[in-house]
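A quick write-up on the structure given underneath.
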């Protein structure tokens, strides 16, 4: 496997590391790995570096890069709002990998904000044929909420009851309702229904999706079948792979958890995106 630094983007301001296996198959997918929050393209605990090298060992090319204004990347000559700029950056990364390798189909892999960004671009760009999302959008169920309330009561009964009473009292006031409505308007996350519709469109387009949730999402995602319970009315629950990892934290601190996730992504990729016969796309 080889690695080289590439610069690209409208102002040549984006910096990334292109990893290619010894025998590059142009008809395979390429992986785009991006920042998790403000962490550079190395990823938390250098996870993106390790993942790129693992993917290279099993035949996949990858480009890990810093979004505009993060890590080694500079600012574009003409800046855009964060969400739009992120989409522009991801599309530029796909353009660069096509230029460097000939690959035209991509899997976007991201943690937290990276997962959210990948999901957004996948809806708009048909070149995206796969997504790995860790600790991305999450939606609760009756069971997950009950589990959270039970944990709160078990660990801090008095303070929890006091907090609930205060919250109930504040919600009863008109001022609180107005504030709640403003917060709903400002929240960029899709509603449960919007998320479901978007997922269904991706699945109908044959986009392969692997979702993983760590223990740091415990207050929102707390058991293995939560995704299935949340979206049981939709056919995609039988197609999308989803795993809850109660042993792992958000930044994959332990080597064991890093190894588990890398192995899981590699195994999923080989099933979901195997090398195609020559001439196939």
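Bear in mind these aren't lab numbers, they're just calculated from the coordinates by the rules spelled out. Predicted, not measured: the structure shown is a model, and the values here were computed from it. In this analysis, Cβ positions are derived from the backbone assuming ideal geometry, glycine residues included, and neighbour counts consider all displayed protein chains.
Please give the FRET efficiency for residue 84 paired with residue 11, using the beta carbon to beta carbon distance and R0 = 25 Å, rounded to the nearest 0.05. Before the final figure, lay out the partial values.
On the way: r = 16 Å, r/R0 = 0.62.
After rounding to 0.05, the efficiency reads 0.95.
Report the paramagnetic label zone for residue 146: residues of the stretch 220-242 whose backbone N is under 19 Å from a point 7 Å from Cα along the Cα-to-Cβ axis.
Only 220-233 fall inside the zone, counting backbone N under 19 Å.
I'd like to compare 197-203, 93-99: which one has the highest average count of other Cβ atoms within 10 Å, and what's the full order after that? Mind dumping the intermediate values first?
Working: 197-203: 17.6, 93-99: 19.1.
The packing order, highest mean first, is 93-99, 197-203.
Using the scaling law 2.2 N^0.38 Å as the reference, what is the normalised Cα Rg of the stretch 1-106?
On the way: Rg = 13.0 Å, N = 106, 2.2 N^0.38 = 12.9 Å.
Relative to the rule-of-thumb radius for its length, the stretch 1-106 sits at 1.01.
Within 10 Å, count the other beta carbons around each residue, average over each peptide in 132-142, 204-214, and list them highest first. Display every interim value, and only then the final one.
On the way: 132-142: 20.5, 204-214: 18.9.
Most protected by this proxy first, the peptides run 132-142, 204-214.
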